[in-house]
Amino acid sequence: MAIGVVFSNDYEIFMIRNSVSENEILIEPTTRLLKAMESEEIPLTIFADTECLLRFRNLGMEEFPQQAEEQLKDCLRRGHDVQNHVHPHWRYALYDQKTRAWSYDENKFLLGNVGNSDLEIYSQTVKVLTETKKYLQSLLDPVDANYRCIAYRAGGYGIQPKDSLILKALETTGYTIDSSIAPGLVLKTKFNRVDFSNLPHLANYFMKAQGGIHSSQPEGILEVPIAATSLLPFYYVKNIVRKLHRKVFAKSEAYEWLNRGGGLNTAEGYSANRWEVLKDRTKSLFQPWSYLNLGPDSTADSLFETAVSYYQRFRQPMVFSILCHSKTLSNSMIQEFLGFHRKMKQKFPSTYRAIRISEARSFLNLT
Ligand SMILES: [Zn+2]
C-alpha cells in the first residue's frame, strides 16, 4: 500500500521577535536544509509565508523579500516544490525599527476572523488567496512554465473558524490541496482556534464548503494531513523519557533558535520570565499526543513511531506530511529529519516514497 510522505517546511520568520537578521533566521537555515535533503534525494515542499513577504515589500523593506524570492526560485529549479502559507495578520502588521518588533491586531490572525459578516470574511479570503497565489505564480512561472500554486497551508493550522467559507474560497481561487490539518489536534490559545477532533476516519479525503473539514465528500479539496497520533501508554512514557533525555543531553544547539527570535503562542515569544518558559516546556513534555512536527525534542525514532502508528490506523494508500520550520532548525534536528526518512525507507522499502505535495493526487491515482 503506497505511502507518500511530503517533507514540508513552513518558510517564515518569527511572528513577534526577530533578534537577528531575516537572512540568519530563514534563508541560511533553509540553505542548510536543502543541501541535507538533496544528499538523500528527498524533495522538499516549501510553504512560503507570502503575506509576510508582501508586507515587507509594501513597507519598502526590499532586502529580505528579494533574498527569499531568489531562494524560492532556486528551490523550484532544484526540483523542490513551493506552495502557499498564509498568515493573514501580516497585511496589517506594523514594524518598530528601533526594537525590530512586529505588532498586530490579534483578531486578524485567522482568515476566519478577518471580517464582521460571512460575506466579508469570504470576500477577504478570496482576495488574500488570489493575491498570494498570483504572487507565487508570477515569481515562479519564469523558472518553470508548468509551475502551479495549488496547495495551501493555513497559518497556525487556522483553517478554522469558518472552515466552510475558507474551503469555498480555496475552490473558487483554484487550490486543489490543503495541508493544514493535524488529526486530533485541539489548540485553543489567544491566537488559535483549532479543533481537529472527530474527522472522517480516512487517511486522505476530499472537502467541500458543504460539510466543512469534518465531512468527506466525493470530490473537492484533497486533504494531505500532518500525520498525528495519540500515544498509547507505553509510547507515552517512552516519549517523556526520550524528551527528557534530549532536554538534558541533547546538544543545546537544538534550542539555539531561542536566541534568534520568538513566536506567538509560547511564552518564549514574549521574552517572558523563566517560570513561564518552564511551564510551557513542561506542558509539551506531558502531551499524550504527537504529530509530525520536527521540534527540538523530536528524534528520528519518535517521528517514525508516529508515522507508523498513523499508517496502521488506516492501512490504505495514503499521502501525509511531516513539517519543520526553517526558523527553529538546528543541524541535529536536520539529522533527525533525514533519519526519519531512512527509517521509513527501511520499513516500507517498496511502498514508501518522499514526494512533493503537488504530486499527491497522481500518487493516489486521483485526477
Ligand atoms: Zn506558519
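How many angstrom lie between the C-alpha centres of region 203-248 and region 341-355? That distance is 19 Å. Here the chain is scanned for GluC sites (Glu not before Pro) in DSSP loops (not H, G, I, E, B) that have at most 12 other Cβ atoms within 10 Å, and the longest stretch holding none of them is 63-218.
If you count, for each residue, the other Cβ atoms within 10 Å and average over each peptide, how do 188-194, 347-353, 147-153 line up from highest to lowest?
For the peptides 188-194, 347-353, 147-153, the packing ranking is 147-153, 188-194, 347-353.
Net charge in the neighbourhood of Trp102 (other residues with Cβ under 10 Å of its Cβ; Lys, Arg +1, Asp, Glu -1) is +2. Here's how it looks for Ala209: its modeled amide H is under 5 Å from those of Lys168, which are all 5 or more places away or on a different chain. Of Ser164, Ser216, Ser39, the residue with the greatest mean-square motion in the GNM of the chain, using alpha carbon springs below 10 Å, is Ser39.
Each residue of region 21-37 was assigned a 3J(HN,Hα) from its phi angle through the Karplus expression (A = 6.51, B = -1.76, C = 1.60, θ = phi - 60°), giving 5, 4, 4, 5, 6, 10, 5, 5, x, 5, 4, 5, 4, 4, 4, 5, 4 Hz with x at Gly and Pro.
Under a 5 Å amide H cut-off, with hydrogens placed 1.01 Å from N, Arg17 pairs with Gly262 among residues at least 5 apart or on other chains. Taking the dipole about the Cα centre of the chain, with the C-beta of Lys and Arg at +1 and of Asp and Glu at -1, give me whichever of Tyr235, Gln217, Ser290 is farthest to the positive side. About the Cα centre, the residue reaching furthest to the positive side is Tyr235.
In this structure, the amide hydrogen of Ala354, modeled 1.01 Å from its nitrogen in the peptide plane, lies closer than 5 angstrom to those of Val5, counting only residues at least 5 positions away or on a different chain.
Cross-link partners for Lys134 among the aspartates and glutamates, with Cα-Cα distance under 13 Å and sequence neighbours closer than 8 places in the same chain left out: Glu51. Annotation: aspartates and glutamates with alpha-carbon distance below 19 angstrom to Lys347 (same-chain offsets under eight excluded): Glu40, Glu41, Asp301, Glu305, Glu336. Remark: region 204-214, residue by residue, has Karplus-estimated 3J(HN,Hα) of 9, 7, 9, 10, 9, 3, 5, x, x, 6, 8 Hz, where x stands for each Gly or Pro and the curve is 6.51 cos²θ - 1.76 cosθ + 1.60 at θ = phi - 60°.
Each residue of region 109-121 was assigned a 3J(HN,Hα) from its phi angle through the Karplus expression (A = 6.51, B = -1.76, C = 1.60, θ = phi - 60°), giving 6, 10, 4, x, 10, 7, x, 8, 10, 4, 4, 5, 4 Hz with x at Gly and Pro. Run the reach check for Lys35 against lysines, Cα to Cα strictly under 20 Å, same-chain hits fewer than 8 apart removed. What comes back? The reachable lysines, counting only those whose Cα sits under 20 Å from Lys35, are Lys73, Lys327, Lys343, Lys345.
Need the full-extension length gain, Glu106 to Lys238, defined as separation in residues times 0.36 nm minus the C-alpha distance. One decimal, nm. Could you put the intermediate results ahead of the total?
Working: separation 132, 0.36 × 132 = 47.52 nm, distance 3.73 nm.
Between Glu106 and Lys238, full extension yields 43.8 nm more.
Placing +1 on each Lys and Arg Cβ and -1 on each Asp and Glu Cβ, with no other charges, gives the chain a dipole about its Cα centre of roughly 960 debye.
Candidates Asn84, Ser117, Ala68 compared by Cα position along the dipole of region 64-121: farthest toward the positive end lies Ala68, with charges placed on Cβ.
Only the coordinates and a few stated rules stand behind these numbers; no lab work does. Bear in mind that the values here come from a model prediction, so they are computed numbers and not experimental data. As a convention, Cβ positions derive from the backbone with ideal geometry for all residues, glycine included, and neighbour counts pool all protein chains shown.
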